[in-house]
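The next block holds one structure in the form of structure tokens; read it before the comments.
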């Protein structure tokens, strides 16, 4: 595979930006198997955004010859009060996440934060050295990576450790590429600013667009962060354990205004999930409404939607059917016992 093909894989949807495109080309010119990571909090039931869309993007990296690592940030989960801060629950849900990503991304390595810290005796020394380059004000500004406001009035000291820990994780794993949703951009920009001062390797940053929730976005909503599909809101997204009928019903109720492509969750799912796995999608409809139509290119589907040649109802029905085909094989293989399911529900 040549470099152009590798770049196309990494920059295909839902990738939003590469910092920088030129650096990534140079990396591929000098390294046939660069090291990548994406860090994830262990914070609840997996859904279409957190497992499928993210997992498919990881698989793009793998196809491009990248050595991929999924970093399950158990200590960050504790710091951020997820899963009620209960270490036993965090440990059990970590295994559920490992099982899920092994199904979706069998070519990726999976590393637990606690294992990294136990095995790397230099970690905390490097952590202290890194924090010497961070002001309290700058640390507060990066708290948005945790889903928290930089103006939050009451915040415990442990949460201020979260951003520098995330940065030092990157150094400890000796990474060439850091990958995340757009909501983690601030920490990667901090890394690119501070690592040169410490003479640490500076990674290329790749950020993907977050899959929006199914409801109509608020007028002032930043769809990349506030309107994202949420683990804590069962009505905002498609969960891996939803049945085929539940998936189709949720899609049928999703916001999908005729002709409007802005923050349209059904179109985003079609672009980043359905067209990722299917080379062609077929829309079945009566002859009086235009008859059946097939699309092998998302851009043509979007064009027809904008020009109102494709009705939201037909799009929803098709996306629901194809989405069920994507999720069903994963759901059937992914074990989630009732006890663990209840523990997760209690944490919301």
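Summary of computed values
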quantity: Region 244-346: C-alpha gyration tensor shape, a/c 1.5 cut-off, then a/b vs b/c; calculated: prolate
quantity: Fluctuation leader among 296, 50, 252 - the chain, Gaussian network, Cα springs under 10 angstrom; calculated: 296
quantity: Fraction of beta bridges assigned by DSSP in the chain that are antiparallel (%, nearest 5); calculated: 35
quantity: Rounded if a/c under 1.5, otherwise prolate or oblate - region 3-208, Cα gyration tensor axes; calculated: oblate
quantity: In range of the label at residue 63: residues from region 1-37 whose backbone nitrogen is under 12 Å from the point 7 Å along Cα→Cβ; calculated: 5-14
quantity: FRET efficiency, 1/(1 + (r/R0)^6) with R0 45 Å, evaluated for residue 157 and residue 8 via beta carbons; calculated: 0.50
quantity: Gyration tensor verdict on region 59-127 (Cα atoms; rounded if a/c is under 1.5, prolate if a/b is larger than b/c, oblate otherwise); calculated: oblate
quantity: Stretchable slack from residue 308 to residue 287, in nm (0.36 nm times residue separation minus alpha-carbon distance); calculated: 5.9 nm
quantity: In nm, spacing of pseudo-spin labels at residue 216 and residue 198 (7 Å Cα→C-beta vector); calculated: 4.7
quantity: Computed E for residue 121/residue 31 - FRET, C-beta separation, R0 22 angstrom, nearest 0.05; calculated: 0.20
quantity: Relative contact order (percent, whole number), the chain, Cα cutoff 8 Å, 6+ residue spacing; calculated: 19
quantity: Relative exposure of 340, 116, 48, 175, judged by other C-beta atoms within 10 Å (fewest first); calculated: 340, 116, 175, 48
quantity: Structure-derived Cα extents along the principal axes in Å: which label, when the choices are [x] 86, 38, 37; [y] 70, 49, 39; [z] 63, 56, 45; calculated: [y]
quantity: FRET E, pair residue 333, residue 277, Förster distance 22 Å, beta-carbon r, rounded to 0.05; calculated: 0.85
quantity: Two-site label geometry, residue 134 and residue 258: point separation in nm, points 7 Å out along Cα→Cβ; calculated: 5.1
quantity: Choice from 16, 122, 193 with maximal GNM fluctuation in the chain (Cα, 10 Å cutoff); calculated: 122
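Only the coordinates and a few stated rules stand behind these numbers; no lab work does. Source: prediction; values computed, not measured. Don't worry about glycine lacking a Cβ; one is built from the backbone with ideal geometry, like all the others, and counts go over all protein chains shown.
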